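**Student:** Got a structure here, written out as structure tokens. Questions coming.
The values are calculated or read from the model by the stated rules, or taken from the named source; none is laboratory data. Since we're looking at a predicted model, the values are computed, not measured. Cβ coordinates were reconstructed from backbone atoms using ideal geometry, including for glycine residues, and neighbour counts include every protein chain displayed.
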Amino acid sequence: MKSLYRTVALCFTASLLVSCSGERVIHNQTEQTNITLSWWGNDSRNEYTINAVEIFEELHPNIKVECSYSEWSGYESRNRVRMISDTETDVMQINFSWLNEYSSDGNGYYDIEQVADYIELGNFSEDMLAYGRKNGILNAIPIAMNTETVYINKSIYDNYGIGVPDTWEDFFSASKLMNKDGVYPLSGVAKSMWLYCISYAEQVSGKKILDEKGKLNFSEKELQIMINFYVRLVNENVVPQVENYQKYNIDNGIYAGAIAWVSDAENHFGNSENSGNTITVASYTADSAENAGTGWYAKPATLYAISKNTEHPKESAILLDFLLNSAEMAELQGVEKGIPLSKSARECLKENGMLNGIQYEAALKMEENSNLSQMNPKLENTVLINEFIDSCNLVLYDKDSSENASVQLYKTIIENIG
């Protein structure tokens, strides 16, 4: 039986020794396996994960887990050193793009299907598991799915007598009314605006930015569409420049909307909801209702993997199963990492009334939209994102034309991803 949550797996080694009196004495010794686990996150995530590990160790007293954790930037840099030096932890939280970076041939992480007897893979559809495969090898299992989503403070829009925007032009119309009060209809960080402009350009051109092999499919012309669109968004006060973005402006009403990941919904809009504002999930911006979701990309919010160098694949798999599928972990984690993909974890949250709120609403919209495409990790390449913003700024500050800027952007993308 694969489910091991309530099994107390004590491994005893019985050794028969002869005492001075000639009597045989039986000593029962517990064999303990030490494994390591790493993740990134804030204090709240650290606290509930440590609590979960303590429960795991109570359920599996033969397994001792050493934890390693930090905030994102520190974790990312430390992970790079560990992967290069083959000193990564046995079980680790990984970013989706790392599959491409560290395991392009599928051999950068342990093949999880080799320990399938200890993990309830049936909780995940093959489409879900496909996100964790490289070269056909199951390197990782996604915890939850993610996509950039448009969130709207409906209370602010109602004050201006405006409905929730659906189309690109709806935001420009909203800006004409909000701009006099210094209110932006929408906002987002650099990556969000990069992906938002990709969506627009894909809908306008009818082309995907990358082909099936992950090569650039846009010409300079399509990249120019992206640049011109971002410049228009800024010049017509639909969004602030990404360099001026401040998340607290969501709470103080300067930003009436924002583009953010599903997994970031509570982090971005929890305070606004607590202040009595009505936050709603808008449609994926499109030129028409039937195109909603076209040009938008979904990816795993985060994944768990096992080190290819682990000396304890069985124990690592048991821990991985606990983190993904157990009721104990599900209750502690809630939806902090997104709405779980695991059937058993989601059912646990449902039974406990924990599937609600703005993040759950965003997750349902994501799951219900069939137009979303699977994200290629190359789209999160920071070099491309930074070059895009730099190209847009050249045009914004009249340093260059969008035509010339798109040529340089094209060259940079080709140099970095082909």
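**Student:** Which one of these does E315 not meet: (1) more than 23 Å from the chain's Cα centre (by Cα); (2) in the same structural domain as N100 (by TED's automatic domain parsing); (3) surrounded by fewer than 17 Cβ atoms within 10 Å (Cβ to Cβ); (4) not small (G, A, S)?
**Tutor:** (3)
**Student:** State which residue is nearest to K314 (Cα to Cα) when the search covers only the stretch 33-47 and only residues that are surrounded by fewer than 17 Cβ atoms within 10 Å (Cβ to Cβ) and modelled with pLDDT of 95 or more.
**Tutor:** Residues of the stretch 33-47 that are surrounded by fewer than 17 Cβ atoms within 10 Å (Cβ to Cβ), as a first pass: 34, 42-44, 46-47.
Next cut, modelled with pLDDT of 95 or more only: 34, 46-47.
Details: N34: 12, N46: 24, E47: 26 Å.
So the residue we want is N34.
**Student:** Kindly list the number of the only condition in (1) crowded, with 18+ Cβ neighbours inside 10 Å; (2) over 19 Å from the mean Cα position of the chain (by Cα); (3) assigned to a loop (DSSP other than H, G, I, E, B); (4) in the same structural domain as Y160 (by TED's automatic domain parsing) that fails for T310.
**Tutor:** (4)
**Student:** Here's something else I'd like to know. For V262, which of the numbered conditions (1) farther than 30 Å from G132 by Cα; (2) at pLDDT below 95 fails to hold?
**Tutor:** Result: V262 fails condition (1) only.
**Student:** Restricting to helices (runs of 4 or more DSSP H) lying wholly in the stretch 194-277: which have 3 or more residues that are aliphatic (A, V, I, L, M)?
**Tutor:** 220-235
**Student:** Would you be able to say whether some residue in the stretch 86-94 is more than 17 Å from the chain's Cα centre (by Cα), surrounded by fewer than 16 Cβ atoms within 10 Å (Cβ to Cβ) and at pLDDT 95 or above?
**Tutor:** Yes, some residue in the stretch 86-94 is more than 17 Å from the chain's Cα centre (by Cα), surrounded by fewer than 16 Cβ atoms within 10 Å (Cβ to Cβ) and at pLDDT 95 or above.
**Student:** Is there a residue in the stretch 335-350 that is among the β-branched types (V, I, T), surrounded by 15 or more Cβ atoms within 10 Å (Cβ to Cβ) and touching a residue at least 24 places away in the same chain (Cβ under 8 Å)?
**Tutor:** yes
**Student:** While we're looking at this one, here's another question. Looking only at residues in the stretch 278-304 that are of a type outside the set (S, T, N, Q) and in a loop (DSSP other than H, G, I, E, B), which one is farthest from D90 (Cα to Cα)?
**Tutor:** Only one residue fits best here, namely D287.
**Student:** Based on what the data block shows, is K191 under 24 Å from the mean Cα position of the chain (by Cα), basic (K, R) and in a loop (DSSP other than H, G, I, E, B)?
**Tutor:** Answer is no for this residue.
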